[in-house]
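Worksheet: one structure, shown below.
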Amino acid sequence: DIEQIPNTNEVQQVAGQLINESILLVNRSGRTLRTSYFNFQETPILVNENIMTFRVDESKILIEYLLLQLHDSLFIQQLNMYKMDYQHNTISEEHFEALQINLPSLEEQAIVIKETKIRLLQEEEEKVEQLRNDLNLGKQKAQNEQYKIISSLQHELGNRLPAVLTEIKNLKYYLKDKEEDQTLI
């Protein structure tokens, strides 16, 4: 609905002033546009002319939904393509007015937020599970190497392996006794 799209009188640029309200920030300096949301909590911030500020109408957009959109790779790509269109001129709030982004209803935004949180949690669980599997594979590989060594020793030594192991144990006990008595070997 074109009538519900914010227009110039709802957009305000504040340069060199303290911002003492929650506001959307767009940094237009540099090669790419960078967006963030300043959540005002008793401490204002100072912005300069490179920062465009936009009030957010929370009756039309949920802040969590806005933050999700600001970090969405497709949104970031579109924003950077937009910056390239105006690379020799300074982008103004009026240029952003032309973007006309359609917003879903608040209920649909809440559903997107919930689904995104669930997806992100599932991705984290998959990462943890993959780490567990990698650790188990490493442990299993170490056990396999150990079994190969023992198997090789058994093959080389045949039935003499128990006698060799007994001698190794005896040597171990002998060294422990010497250590306890603090005698030189």
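The values are calculated or read from the model by the stated rules, or taken from the named source; none is laboratory data. Note that the structure is predicted; figures quoted are calculated from it, not measured. FYI the Cβ positions are ideal-geometry reconstructions off the backbone, even for glycines, and counts take in every protein chain you see. We work out accessible area using only protein heavy atoms, side chains counted, and drop any ligands, DNA or RNA first. Shrake-Rupley method; radii C 1.70, N 1.55, O 1.52, S 1.80 Å.
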Item checked: Extension gain from residue 19 to residue 78, taking 0.36 nm per residue of separation minus the Cα-Cα distance -> 18.5 nm
Checklist line | Net charge of neighbours whose Cβ lies under 15 Å from the Cβ of residue 80, counting Lys and Arg as +1 and Asp and Glu as -1 | finding: +2
Notebook entry, point to check: In nm, to one decimal, how far is the modelled label at residue 107 from the one at residue 120, with both set 7 Å along Cα→Cβ?
Noted result: 2.5 nm
Margin query: Using a 1.4 Å probe on the protein heavy atoms, what percent of the accessible area of region 50-185 belongs to carbon and sulfur?
Written below: 55 percent
Notebook entry, point to check: For residue 20, what charge total do you get from the other residues with a beta carbon under 15 Å from its beta carbon, if Lys and Arg give +1 and Asp and Glu give -1?
Noted result: -1
Item checked: FRET efficiency, residue 37 to residue 148 (Cβ-Cβ, R0 41 Å, nearest 0.05) -> 0.10
Item checked: Cross-link reach list, aspartates and glutamates versus residue 114, counting only Cα pairs under 15 Å and skipping chain neighbours closer than eight places -> 64, 123
Checklist line | Karplus (6.51, -1.76, 1.60) ³J(HN,Hα), θ = phi - 60°, over region 42-51, in Hz, Gly and Pro reported as x | finding: 6, 10, x, 10, 9, 10, 10, 5, 7, 9
Note to self: Going by amide H atoms built from the backbone, whose H comes under 5 Å of the H on residue 47, apart from near neighbours?
What the structure shows: 16, 17, 19
Next item on the list: Just subtract the alpha-carbon distance of residue 133 and residue 27 from 0.36 nm times their residue separation and send over the number in nm, one decimal.
Entry: 33.9 nm
